[in-house]
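The values are calculated or read from the model by the stated rules, or taken from the named source; none is laboratory data. Bear in mind the structure is a predicted one, so any value in this text is a computation, not a measurement. Note: ideal-geometry Cβ built from the backbone for every residue, glycine included; neighbour counts use all protein chains shown. Note: areas computed on protein heavy atoms with side chains; ligands, DNA, RNA excluded. Shrake-Rupley method; radii C 1.70, N 1.55, O 1.52, S 1.80 Å.
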Number of protein chains: 2
Amino acid sequence: MSTIRGILETVLYADDLDAAERFYTGVLGLQRLGEGSALMRTFRVAREQVLLVFDPSVSEAAGRDVPSHGSRGDGHVALLVEAGALDDWRRRLEDAGCGVEQDVTWETLRGRSIYTRDPAGNSVELTEADIWAPRV
Amino acid sequence: MSTIRGILETVLYADDLDAAERFYTGVLGLQRLGEGSALMRTFRVAREQVLLVFDPSVSEAAGRDVPSHGSRGDGHVALLVEAGALDDWRRRLEDAGCGVEQDVTWETLRGRSIYTRDPAGNSVELTEADIWAPRV
């Protein structure tokens, strides 16, 4: 039986796509794909992994050429950084004026996470390992 | 400079987590991690990729041990399936009573996608290739 083999598109929503782009490219260093539009911005994260940020007032409209969707409220995403890089990332976020809302060392999971917010208020977690993997 | 190397956690929201679990495990065949709770369900999709489904009424509460978040409205995710498997997936969704809302062969991107909805109304796309990769 065929299986799901990965997540290609992870989605967040933001009313101000230009501000979102400044955060995801300028602060987090992701690569924007294409020119962007009033609908969305696309960012390459890894092979077969993109982050899409939509303006919900546009993406929720009926009659688009693909199914409509759109959420309000703070979403969440967790991004993987290189092992040992979280202290650098913490400084980088602070230098960019992005507060670190929380810095957690997991007891039940493995590893450590720091949390910031994108300009739309989405909770963005940076972590250096698959904290969901079984502990060995 | 350290780079983001992947998306570990992709998030959707659902008021009925049991219904979400039946869809993501029973229809899509994902593996649930842990027991789940009133807050969330966790599903393993691939190495270093999990799908988290939260009840927004719980995850948005203040005073949790991690930053709060929670969205209302239909989200979106795109999942990768094996090449050539979309017809099988279409049958599998239909057999499970999940309608295929749209079946798109991309002209500007590469590949084909089918779209269904999870029980909460989130738009779930299945596609067999990285439709965002440059065309060669």
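How large is log10 I(q)/I(0) at q = 0.21, 0.24, 0.33 Å⁻¹ when the Debye formula is applied to the Cα atoms of the stretch B:1-47, each weighted equally and without solvent?
-0.74, -0.91, -1.43
Compute the angle between helix A:86-95 and the longest alpha-carbon principal axis of chain A, please, reported from 0 to 90 degrees and rounded to the nearest 10.
50 degrees
Out of all DSSP beta bridges with both ends in the stretch A:12-136, state the antiparallel percent to the nearest 5.
70 percent
Treating each Cα of the stretch B:51-107 as an identical point scatterer and ignoring solvent, apply the Debye formula and state log10 I(q)/I(0) at q = 0.12, 0.25, 0.26, 0.27 Å⁻¹.
Cα-only, vacuum Debye calculation for the stretch B:51-107: -0.51, -1.09, -1.15, -1.20.
Using a label position 7 Å from Cα in the Cα→Cβ direction, what is the ascending list of nm distances from B:R72 to the same site in the other copies?
Taking the point 7 Å beyond Cα along Cα→Cβ, the inter-copy spacings are 0.7 nm.
In nm, what does the list of distances from A:S57 to its counterparts in the other copies look like, shortest first, when each label sits 7 Å along Cα to Cβ?
Listed shortest first, these distances are 2.9 nm.
Given 5 Å bins starting at zero, what is the percent of C-alpha pairs of chain B in each, up to the one with the largest pair distance?
All Cα pairs, binned at 5 Å, distribute as 2, 9, 18, 21, 19, 15, 9, 5, 2, 0 percent.
If you wrap a convex hull around the alpha carbons of the stretch A:77-136, what volume per residue comes out, as a whole number of Å³?
Normalising the Cα hull of the stretch A:77-136 by residue number yields 77 Å³.
Let me have the 222 nm mean residue ellipticity of chain A computed from DSSP H runs of 4+ only, each contributing -39500 (n - 2.57), with the sum over all residues rounded to the nearest 500.
The helix-only estimate for chain A comes to -3500 deg cm²/dmol at 222 nm.
Please give the solvent-accessible surface of A:E101 in Å², to the nearest 10, using a probe radius of 1.4 Å with every protein chain present.
Accessible area of A:E101: about 90 Å².
Provide an ascending nm list, one decimal, of label-point separations from B:Q31 to the equivalent residue in each further copy; define each label point as 7 Å from Cα along Cα→Cβ.
3.1
Are there GluC sites (Glu not before Pro) in the stretch A:14-58 that DSSP marks as loop and that have at most 12 other Cβ atoms within 10 Å, and which are they?
Filter output for the stretch A:14-58: A:E35.
Quick one: compute a quarter of the convex hull surface over the Cα atoms of the protein assembly as shown and quote it in nm².
Taking a quarter of the hull surface, the average projection is 14.2 nm².
Charges only on Cβ, +1 for Lys and Arg, -1 for Asp and Glu: so what's the dipole of chain B about the Cα centre, in debye to the nearest 20?
Roughly 360 debye for chain B.
How many angstrom lie between the C-alpha centres of the stretch B:41-112 and the stretch A:7-57?
Taking the Cα centre of the stretch A:7-57 as reference, the centre of the stretch B:41-112 is 17 Å away.
Please report, in debye to the nearest 20, how large the charge dipole of the protein assembly as shown is about its Cα centre when each Lys and Arg carries +1 at its beta carbon and each Asp and Glu carries -1 there.
The dipole magnitude comes to about 560 debye.
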